[in-house]
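What follows is a short report on a single structure.
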């Protein structure tokens, strides 16, 4: 039980640190207003490796969802300028829901997943239902990852509303349950 408590505390601390970092740049950060506006359009058949714009990838744990109910997939956003992650996600046809306490700086649901009435099973076998009141459970949460062109996936240091992506970069919204998957598999 001590190991689970420490892991839970460490995960919660990491999520809170990322949230606070995102909130500290909520005034718009270092966005360059002189850049050409992004003319983004979604191409749902593109994969992250074939995208000259910004790839938006959604990966879920094995939640047992049907294809119709799962937001999993990859979309290439056609842009030749930097774009906010929140705009790229919207252009990909995805909707996100934040939490009551942290707003859109913490992703609680993507296209309604996990639904408020969907039982997430913890490692101890208990059922958990996400309410989006505060930080999601440390064992079942959405995380944001970025990947530079020809680079490796890394944990995003900002939230969707402040994170800027350049053409050639990828954004992943990854849902993890009980540590799986721990990082993007694409």
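Taking a spot 7 Å from the Cα of residue 52 along the direction of its beta carbon, which residues of the range 151-186 have an amide N less than 13 Å from it?
167-168
Can you tell me the relative contact order of the range 49-130? Whole percent, Cα pairs under 8 Å, sequence separation 6 or more.
20
With an 8 Å Cα cut-off and a minimum separation of 6 or more residues, compute the relative contact order for the range 52-186 in percent.
Numbers: 266 pairs, mean separation 43.4, N = 135.
Normalised by residue count, the contact order of the range 52-186 is 32 percent.
Based on the Cβ-Cβ distance from residue 117 to residue 82, what FRET efficiency comes out when R0 is 45 Å, to the nearest 0.05? Don't skip to the end; give the middle numbers.
Values: r = 38 Å, r/R0 = 0.85.
After rounding, the FRET efficiency stands at 0.70.
Using the basic label-point model (7 angstrom from Cα toward the beta carbon), what is the residue 155 to residue 178 distance in nanometres?
2.2
Every number here is computed from the coordinates shown, using simple stated rules; none is lab data. None of these values were measured; they are calculated from a predicted model. Positions of Cβ are backbone-derived with ideal geometry, glycine not excepted, and every protein chain shown enters the neighbour counts.
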